[in-house]
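Everything below concerns the one structure shown next.
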Amino acid sequence: MEDFDEEEREIAAAESAEALEAIRIRVLGRRGTLTLAMRELGGLDPEERRRAEATARVGRATLEKQLAGERADVTLPVPFAGTGRIHPISQTIDEIVVIFGEMGFAFAEGPHIEEDFYNFTALNIPPEHPARQEHDTFYLPERPDGTRLALRTHTSPVQIRTMQAQQPPIRIIVPGRTFRCDHDATHSPMFHQVEGLVIDRTSHMGHLKGCLIEFCRAFFGLDDLPVRFRPSYFPFTEPSAEVDIGCSRKGGELKIGAGGDWLEILGSGMVHPQVLRNCGIDPAEYQGFAFGMGIERIAMLKYGIPDLRTFYDSDLRWLRHYGFLPLDIPSLVRGPLLGGAAV
């Protein structure tokens, strides 16, 4: 019968779970030294058998004690050092939804592939509008009736679907993917937008301004952030306005806040009466406002990301730098994050 002193010394000196597992297999496996030795017990005299059994018990007990000390507790939290990161797009969407959620907006979403009616016609976009052309919109192959579906160019179709399916009052926030034929440092063929819609009997331009000023200041974490509204034009709103926030460009560095300069970040306006009619809502009884912005754009501004294309390069080094830890998730209790990305 073999002496297992050497195995006991190896067990005591083992520095990793892998080393212990290798010893276990060598000693206790199907062809292990202890397993084979136990098979020889029948041919030993009583005194040798007792000594061999005692040696086997000590060896097994020592190994089990060492393995128990190395056992991992799967209920413990995972250390952050080796975890993944939340993508800045996901983080920014969560922050936006939290801010508007505190204002009473409900989350809404819709399909990526849309009918022409929802993506263009119901939104008061005429047939000759450049947005309908193939150089701007991704169309699917023509159907038997001659019509074509398209990848939605904005999240506004969700507003139409909501107004058709739900009676006012309506207050929704709509983040999601959108698609356009464009690709450079500031444009991507697939990108994200978020839009908001309020429809009721009393909302007016003052409510729109108050809502967006509060959002901009909450999102960027600046209570005194300058915000201004400039007259503009969109087919689906009237009157329409671009929204600018204050900034500084001194020394070639862009800094959000009071600084004597302005930066456009979103579009807005009162919902056009014809859009309400297209959805079966009487504009003589109801009115409301809508707004929309690019999620990548405001994420780049808040977190100092210089190139839009890096959002989709699948570079883990980039994600470790700009990504967020799993517990950095905004909520209606904690609110949005006001600091920069986790490094």
* To do: Check the straight Cα-Cα distances from Lys65 and name the lysines below 19 Å, setting aside those fewer than 8 residues away within the same chain.
  => none
* **Net charge dipole size for segment 164-278 [Lys, Arg +1 and Asp, Glu -1 on Cβ; Debye, nearest 20]** => 200 debye
* Asked: Taking the Cα-to-Cβ direction at Glu285 and at Glu142 and moving 7 Å from each Cα, how far apart do the two end points lie in nm?
  -> 4.2 nm
* segment 224-301 and segment 134-153: distance between their alpha carbon centers, rounded to Å -> 28 Å
* Asked: Put +1 on the Cβ of every Lys and Arg and -1 on every Asp and Glu Cβ in segment 125-188; which of Gln164, Ile125, Leu149 then has its Cα farthest towards the positive end of the dipole?
  -> Gln164
* Gain on full stretching of the segment that runs from Lys250 to Arg230 - 0.36 nm per residue minus C-alpha separation -> 4.8 nm
* Looking at the square roots a ≥ b ≥ c of the eigenvalues of the Cα gyration tensor of segment 170-284, which shape do they give, rounded for a/c under 1.5, prolate if a/b is larger than b/c, or oblate? -> oblate
* Provide the packing ranking of 124-131, 203-210, 91-98, i.e. peptides ordered by the mean count of other C-beta atoms within 10 Å per residue, highest first. => 91-98, 203-210, 124-131
* Structure fact -> For segment 232-247, Karplus-derived ³J(HN,Hα) couplings (6.51, -1.76, 1.60; θ = phi - 60°; whole Hz; x for glycine and proline) come out as 8, 9, 9, x, 9, 9, 6, x, 10, 8, 8, 10, 10, 10, x, 7
* Of all accessible heavy-atom area on segment 198-342, the percent that carbon and sulfur account for (1.4 Å) -> 53 percent
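The values are calculated or read from the model by the stated rules, or taken from the named source; none is laboratory data. Here the structure is a predicted model, which is why all the values come from computation and not from measurement. Cβ: placed from backbone, ideal geometry, glycine included. Neighbour counts: every protein chain shown. What goes into the accessible areas is simple: the full protein's heavy atoms, side chains included, and nothing from ligands, DNA or RNA. Shrake-Rupley method; radii C 1.70, N 1.55, O 1.52, S 1.80 Å.
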